[in-house]
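Reviewing the structure listed below.
The values are calculated or read from the model by the stated rules, or taken from the named source; none is laboratory data. Treat the numbers as computed from the prediction; the structure is a model and nothing was measured. Using ideal geometry, Cβ is built from the backbone for each residue, glycine included, and neighbour counts are taken over all protein chains shown. The area values use the complete protein model at the heavy-atom level, side chains included, leaving out ligands, DNA and RNA. Shrake-Rupley method; radii C 1.70, N 1.55, O 1.52, S 1.80 Å.
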Amino acid sequence: MAPGLQLFTDIADDGTPRLNAASGEELVRVDRAVAVALGPRSPESPGTLFITTRRMIWLSEAEKGKGYAVGFLDITLHAVSRDLEAYPSPCIYTQIEAAEGTDEEAGESNPEANELELSKVSEMRLILADHSQLDALFDVFCHCAELNPDPNAERDEENGWFHGEDMSDGGWVHDDEDMVDENAPQFFSANPIGQNGGYDLTRSVLELQIDDQRFEDAEEEQESHENGH
């Protein structure tokens with residue numbers, strides 16, 4: 001199955017989603033009267049949000065049989081948004097692993113039918129009727145994200161690269177030291193302190209100090225020579 005946001009139609013007669021019991025999927029939380037906004041589009045009519053141990057499922061109340069689902073492995077970021085200048089309603093903001101393209105392109109797949117190419121949707125907002133539940137829902141997202149670790153994380157760590165789960169205090173971790181990039185996430189290679197690959201940085205610093213000292217001695221000799229005239 002392609003990554004990212006998917007159309008969900010596997011709905012039982014009682015209006016709840018059918019879960020994948022074979023994989024151990026279990027229901028964690030249910031929130032009613034939740035509107036979903038995909039990319040730059042306006043929020044859809046409220047529906048019911050189901051959080052399971054594997055994915056987030058939203059089912060429309062206005063259009064029976066319509067729903068969306070995204071696995072926690074495909075949710076690359078989630079956060080509580082209360083900045084009304086960034087978005088007019090407090091919400092859970094998420095970024096989703098998506099196919100190449102933009103959210104604007106996703107909405108242009110079939111404008112006449114008002115269809116949306118879900119695989120290209122990279123942002124989703126969940127707008128709760130009860131804003132006081134945002135923090136509780138955020139905590140559930142965090143818990144479920146921990147239940148679904150990135151399968152590539154262990155391989156990256158073995159290669160000396162740290163990312164995602166190795167973040168500490170908002171910074172990026174390089175070995176046992178925090179290296180914070182406030183502008184954009186980066187990867188760092190875990191080389192020993194004082195070395196960069198096979199090159200000894202300590203030696204280069206020492207050579208620089210020696211060159212500086214020689215330069216200072218040359219300046220003093222020149223000043224002494226000029227004063228002698």
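Sort 130-143, 26-39, 49-62 by packing, meaning the average of other beta carbons within 10 Å per residue, with the highest value first. It would help to have the intermediate numbers written out before the result.
Working: 130-143: 14.1, 26-39: 17.4, 49-62: 20.3.
For the peptides 130-143, 26-39, 49-62, the packing ranking is 49-62, 26-39, 130-143.
Within region 18-61, what whole-number % of the accessible surface is contributed by carbon and sulfur, with the 1.4 Å probe and all protein chains included in the calculation? Intermediate values should be presented prior to the final figure.
Details: 940 of 1950 Å².
So the carbon and sulfur contribution to the accessible surface is 48 percent.
If you add up the charges near Cys91, with Lys and Arg at +1 and Asp and Glu at -1, over every other residue whose beta carbon is less than 14 angstrom from its beta carbon, what do you get?
Numbers: positive: Arg41, Arg82, Arg125; negative: Asp31, Glu44, Asp83, Glu85, Glu123, Asp130, Asp135.
Around Cys91, the surrounding residues sum to -4.
Measuring from label point to label point, each 7 Å out along Cα→Cβ, what is the Thr16 to Leu84 span in nm?
For Thr16 paired with Leu84, the spin-label model returns 3.7 nm.
For region 1-72, what is the accessible area per residue in Å² when the probe is 1.4 Å? It would help to have the intermediate numbers written out before the result.
On the way: 3550 Å² over 72 residues.
That works out to 49 Å² per residue.
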